[in-house]
Every structure is written in C-alpha cells, then in structure tokens.
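Chemist: This is the structure I have questions about; it appears just below.
The values are calculated or read from the model by the stated rules, or taken from the named source; none is laboratory data. Since this is a predicted model, take the numbers as computed values, not measurements. Here Cβ is always computed from backbone atoms with ideal geometry, including for glycine, and neighbour counts include all displayed protein chains. For accessibility, only protein heavy atoms count, side chains too; no ligands or nucleic acids. Shrake-Rupley method; radii C 1.70, N 1.55, O 1.52, S 1.80 Å.
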Amino acid sequence: MGRRGRLAGVCAIALALLLAPGVLAARSVSVGYDSPSALRGLHVLATITPLHVAEVAATDVATLRGRPGIRWIRTTVPRRDLGGSLVATRRGAAAAEWQFAATRANLVPADVQRAASAITIAVVDTGADLSAPTIAAKAPTTYNAVTGGEAVSDVTGHGTFVASVAAGSAASGGVLHGFGGDAKLMIVQANRGSDVFDDIDEAAGIVWAVDHGARIVNLSIGGAQTSRAEQDAIAYAIAHGVLLVVAAGNTGLGGNVQSYPAALVGSHGLAVASSTATGRRAPFSTAARYVSLAAPGVHVLGATTAAASTGEYPRATFAADGLYAYGTGTSYSTPQVAGAAALVWAADPALTPNGVITILEQAASGRGKWNPGTGYGVLDVAAAVARAVAAKTR
C-alpha cells in the first residue's frame, strides 16, 4: 500500500467541474476499480487493495472516462482534525484530572484495567511523538498510510494528544492515565505534515488498522463531505467486527453542519460529542441525529509535542514526566470513549461491537433517553464496566 510520487494538495470542488472537458480542477481523483488491469497505464498514486480503490493523477481523467473496469470516479475529499482554539483559558493543576472524575473512569477495577491488554486501539491521526513518556511506555505499533512505512511523526501535537487520552500509560510517572488502561496502542499516521488529510489516506489508515489487529479505531477527524472511499473503509471495518469511535464535529456555533465520517457509522459505531464540567453539551459541539453519547471536551488534559501551538494547546506547567497541555474539541472527547470501549470489552470479551455500543450508551448519564446534543448522555466508564461484568456473569 506504499505511496510513490503523490502530488501534493487536494482541492475539494465539485466533481462535475473536474470532469468537464478541458478543466483540470484538482491534482488527483479517487476511483473504484474491478481489477488491477483497469489501472494499467494510469499514473497511480495509491491503492487500497481490499476496497478496490485507487488514487490517480487528475491528468488521467480523460483516460478514465468510459474505461472498462472503472466503477466510479470522485474528487478526493479533505479531512481535518477536530480540535481547535475553541476555549483559550488556562487551567491549573487542580483541573487536570476532571475528565476522569467526570466520567468515573477512576473507579474502574484494576483487574479490568489489566485485562484491557487484550484489546488494541488504533488512532488514525497525525501520528504521534513516540518519545512522549505516556506513549513510549506502550511501545505502540506504528504505520504511515502515506509512505507505507513504520515511521510516524507529529508536527501538530494532535495525534499525540489523542493517543495519550485513548491509551496512554501512567507507568512512566503517573501524570496522565489513558482511558484504555493496559490496552495496546496502534499509531496510524494519515496526514502530510499538517492537520489536513484526505479521504484516501484516511481510508488506507482504517483498512491497515483493521487488517493488523485493531479492535477499536479512533477517528478524531472530519469534514462536511464524504466519499465512496471513506464509506467503503467504514463498511470494511464494521464488516470485520471493528468498533469505530468518531468525533461528532465542532460546528455547534456554526449551524450544526453534519460531519463525516461521524454521520456514517450509524448504529454500528459511536459518534462522540463534547460535554462541559456541568454535564451539558459544549456550545461548539455539533448537535445531530447521529450523536451517540458525550464525554468531557473542554480543557481535557493530554500529552503534546514541543512543536504544538500554545494557543491551541495551553501547556500544563505542573507536569514533570513529559510535555502536557489542555485541549478543547470533540477530538479529545472521542478517545475517552475509545478507551472506555476497551475496558468494557476487557470486562466481557464475548461482547460484539454492537454489544459494547449498547452498554456504553445505556450506562451514560441520560438513563436511556437520547437527545441530539449529548446523545444518551455523558460517558460513565465505571457504570459501563459494571454492566459488562454483570452481563458476563449471567
């Protein structure tokens, strides 16, 4: 699945313009193909073999029209991380652990935390700083969906933050406990040196994670459009029994624009909104029919990188065993739920992905009632684990 000579930059404009005669609207397009022979002679930039999806240079569009074995042609779709400078106020050390107390993650039994070592959480994101103590202690599996190699990096701090919240280890000093206990961590980089992705790299990252043992895939990324490649990757994960945990979006102050891939997972995944310290929907958090539940999303504590923006990630100055900061956005609510899902699965390994979803939703603060802002309510990790344990013993 290596990438060779891929042209940089994606322009997300209408496919009709791209395919109009004489118009070169973007530098690459994605195509669905029946067999590798359909790609012969094209400038292929990437392939996702299990999905029969490829990315080809836009200069080949004329050749693609009517070509046997080509099922569809689409523009590539941009993706961005779903964190941001949404609230810039700094918080002191007293606020650092609020996300754990608010979700009662600090009450999960130690034996369940240890049993989570049987579960792998994949974070498809901007890579991670593997030297960050909370991540280094997990010795994560790594993959770069852009290069096809193992080397990952994180110039934005976003992937490092998300990975640390989902499955960071406290073994290095105890500043930050990842929500997933001893769950294994998989880092899949799907960006190109910034916080901008495209759907092909996203889809390639999802498929690789599924094929290499991930039980849970965290997607703290999104955009206002979807694509066939993204849809096929989501379907591929669901068909292979992988639980997708996806950020609901940050458009609550901008019309609640639907976010993808969150809007795609339906009842087979979890779309996560952000809550405040009072348990209400954070104003920026997208309210939508696809929201499953909420988790703290304002001034969440996580690991970061030295290159990360201090505006987006106000530093936590009390930490002594690495670089930590506060982040705000549905990006950081999502890995809390991904980690909680690993604990529920650890408590009852016989659960299906839909079983894990049901337990997390029914254990949340809404007591079985749903609303578009926080779904079934705020995540309650201890209650979800207790339900899983009870289900196992019945």
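Chemist: Within the stretch 206-213, is even one residue open to solvent by less than 10 Å² (accessible area, probe 1.4 Å) and in a loop (DSSP other than H, G, I, E, B)?
Modeler: Scanning the stretch 206-213, I find no residue that is open to solvent by less than 10 Å² (accessible area, probe 1.4 Å) and in a loop (DSSP other than H, G, I, E, B), so the answer is no.
Chemist: If you take the residues of the stretch 374-394 that are part of a loop (DSSP other than H, G, I, E, B) and under 18 Å from PHE100 (Cβ atoms), which of them is most open to solvent (accessible area, probe 1.4 Å)?
Modeler: ASP380
Chemist: Right, next: When you go through ASN371, ASN354 one by one, which is the residue that is closer than 24 Å to VAL108 by Cα, open to solvent by 10 Å² or more (accessible area, probe 1.4 Å), modelled with pLDDT of 95 or more and among the polar types (S, T, N, Q)?
Modeler: After applying the criteria, what remains is ASN354.
Chemist: Still on this model: Going through the stretch 316-351 one residue at a time, which ones are on the phi > 0 side of the Ramachandran plot and open to solvent by 10 Å² or more (accessible area, probe 1.4 Å)?
Modeler: The one that is on the phi > 0 side of the Ramachandran plot and open to solvent by 10 Å² or more (accessible area, probe 1.4 Å): GLY322.
Chemist: So which of VAL217, VAL196, VAL245 ends up being open to solvent by 40 Å² or more (accessible area, probe 1.4 Å) and within 17 Å of HIS158 (Cβ to Cβ)?
Modeler: After ruling out the rest, the residue left standing is VAL196.
Chemist: Quick check on my filter: what residues within the stretch 41-60 are open to solvent by less than 10 Å² (accessible area, probe 1.4 Å) and assigned to a helix (DSSP H, G or I)?
Modeler: Passing the criteria: only ALA58.
Chemist: Sticking with this structure for a sec: Suppose we filter the stretch 285-315 for residues that are open to solvent by less than 10 Å² (accessible area, probe 1.4 Å), farther than 18 Å from GLY168 by Cβ and in contact (Cβ under 8 Å) with a residue 60 or more places away in the chain; how many remain?
Modeler: Going through the stretch 285-315 one residue at a time, the tally reaches 6.
Chemist: Now for a separate question. Inside the stretch 296-349, can you point out the residues that are in contact with an Asp or Glu (Cβ under 7 Å, 6 or more places away or on another chain) and under 19 Å from GLY377 (Cα atoms)?
Modeler: SER331, the sole residue that qualifies.
Chemist: From the list ALA132, ALA137, which one is open to solvent by 30 Å² or more (accessible area, probe 1.4 Å) and modelled with pLDDT under 95?
Modeler: Matching residue, one of ALA132, ALA137: ALA137.
Chemist: Which of the residues belonging to the stretch 253-278 are in contact with a strand residue (DSSP E or B) (Cβ under 9 Å, 6 or more places away or on another chain) and either open to solvent by 40 Å² or more (accessible area, probe 1.4 Å) or without any contact (Cβ under 8 Å) to a residue 60 or more places away in the chain (or both)?
Modeler: TYR260, PRO261, ALA262, ALA263, LEU264, VAL265, HIS268, SER274, THR276, ALA277
Chemist: Which members of the stretch 109-129 meet the condition of being surrounded by fewer than 24 Cβ atoms within 10 Å (Cβ to Cβ) and not acidic (Asp, Glu)?
Modeler: Hits for the stretch 109-129 are PRO109, ALA110, VAL112, GLN113, ARG114, ALA115, SER117, ALA118, THR120.
Chemist: Given the condition modelled with pLDDT of 95 or more, within 23 Å of VAL152 (Cβ to Cβ) and touching a helix residue (DSSP H, G or I) at 6+ places or on another chain (Cβ under 7 Å), answer yes or no: does some residue in the stretch 297-304 qualify?
Modeler: No, that holds for no residue.
Chemist: Which condition number does GLU150 fail, the rest of (1) touching a helix residue (DSSP H, G or I) at 6+ places or on another chain (Cβ under 8 Å); (2) over 22 Å from ALA340 (Cα atoms); (3) surrounded by fewer than 24 Cβ atoms within 10 Å (Cβ to Cβ); (4) modelled with pLDDT of 95 or more being met?
Modeler: Against the list (1) touching a helix residue (DSSP H, G or I) at 6+ places or on another chain (Cβ under 8 Å); (2) over 22 Å from ALA340 (Cα atoms); (3) surrounded by fewer than 24 Cβ atoms within 10 Å (Cβ to Cβ); (4) modelled with pLDDT of 95 or more, GLU150 comes up short only on (1).
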